[in-house]
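Notes follow once the structure below has been shown.
Here, each number is a calculation from the coordinates, and none is a lab measurement. The shown structure was predicted, so the numbers you read here are calculated from the model rather than taken from an experiment. We place every Cβ from the backbone using ideal geometry, glycine too, and count neighbours over all the protein chains shown.
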Amino acid sequence: MGMNLYCSICGEPWDLYALHDVDLEKVEQLASALFPLRPDMTEEEWHRNEAARHAFLKARRLRTVKARDEYVLLLDPADAWNLFQRYGCLLFGCEHLDPPNKERAEEAALVYMMASHPDDAASLFEDFFLTINP
């Protein structure tokens, strides 16, 4: 069994190594979800969200990886960890659980305040929370 991280919003489990496979498309989807550009927006709102989306994407650390005879842009795992703590499932292009597992989400939020690295967080879940409350 792999070690999991949990969405701090809905409690959805994610394999620890999913942080290593976040591609540019998923980052762009997250930016679109955070800073939507809708036709009903005022021109000022549109430009503000467009600038925020651009700044969000520009601030991301990407790395080039060769996968099956082609190169892909992947998000740096440390950057993915920071975004996962804040946005959870949205980082992977998924909706949050409905209904959420509130208890697991609260545990995740607590663990992420204590852990500075995703390996540490996954170990805390494995060692403490999952043995007490599977």
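Tell me what the chain gives for mean residue ellipticity at 222 nm when only DSSP H runs of n ≥ 4 count, each as -39,500 (n - 2.57), the sum divided by the residue total, rounded to 500 deg cm²/dmol. If you can, show how the numbers build up before the last one.
On the way: 5 runs with 58 residues, N = 134.
Theoretical 222 nm ellipticity from helices: -13500 deg cm²/dmol.
Stretched out fully, how many nm does the piece from residue 102 to residue 38 gain, at 0.36 nm a residue minus the Cα gap? Before the final figure, lay out the partial values.
On the way: separation 64, 0.36 × 64 = 23.04 nm, distance 3.08 nm.
20.0 nm is the gain from fully extending residue 102 to residue 38.
With Cβ to Cβ distances under 12 Å as the rule, what net charge do the other residues near residue 54 carry (K, R +1; D, E -1)? Write out the running numbers ahead of the final one.
Working: positive: 48, 53, 58, 60; negative: 28, 50.
Result for the neighbourhood of residue 54: +2.
Using 0.36 nm per residue of separation minus the Cα-Cα distance, give me the extension gain between residue 86 and residue 70 in nm, one decimal. Provide the component values of the computation, followed by the final result.
On the way: separation 16, 0.36 × 16 = 5.76 nm, distance 3.09 nm.
Fully extending the segment from residue 86 to residue 70 adds 2.7 nm.
For helix 77-87, what angle does its Cα long axis make with the longest principal axis of the chain, in degrees from 0 to 90 and rounded to 10?
90 degrees
Only Cα pairs under 8 Å and at least 6 apart count here; give the relative contact order of segment 57-134 as a rounded whole percent.
On the way: 41 pairs, mean separation 12.7, N = 78.
This gives 16 percent for segment 57-134.
Picking from 59, 121, 109, which is most flexible by a Gaussian network model of the chain using Cα springs under 10 Å?
For the chain, modelled as a Gaussian network with Cα springs under 10 Å, the answer is 59.
Relative to the longest principal axis of the C-alpha atoms of the chain, give the angle of the C-alpha long axis of helix 24-34, reported between 0 and 90° and rounded to the nearest 10°.
80 degrees
Leaving out same-chain residues fewer than 8 places away, which lysines sit with a Cα under 21 Å from that of residue 26?
Qualifying lysines at Cα under 21 Å: 58, 66.
How large is ³J(HN,Hα) for each residue in segment 50-56, as worked out from phi by the Karplus curve 6.51 cos²θ - 1.76 cosθ + 1.60 (θ = phi - 60°), to whole Hz, x for Gly and Pro?
Rounded to whole hertz, the list is 5, 5, 5, 5, 4, 5, 4.
Under 5 Å between amide H atoms, partner at least 5 residues away or on a different chain: which partners does residue 22 have, H built in plane at 1.01 Å?
When sequence neighbours closer than 5 places are left aside, the close amide H contacts are 75.
Residue 62's amide H: which non-local residues (gap 5+, or another chain) put their own amide H closer than 5 Å, with H modeled 1.01 Å from N in plane and none for Pro or chain starts?
Counting only residues 5 or more places away or on other chains, the set is 76.
Long-range amide H contacts for residue 9: which residues qualify at under 5 Å (H placed 1.01 Å from N, peptide plane, sequence gap of 5 or more or a different chain)?
Under 5 Å from the amide H of residue 9 lie the amide H atoms of 89, each far enough along the sequence or on another chain.
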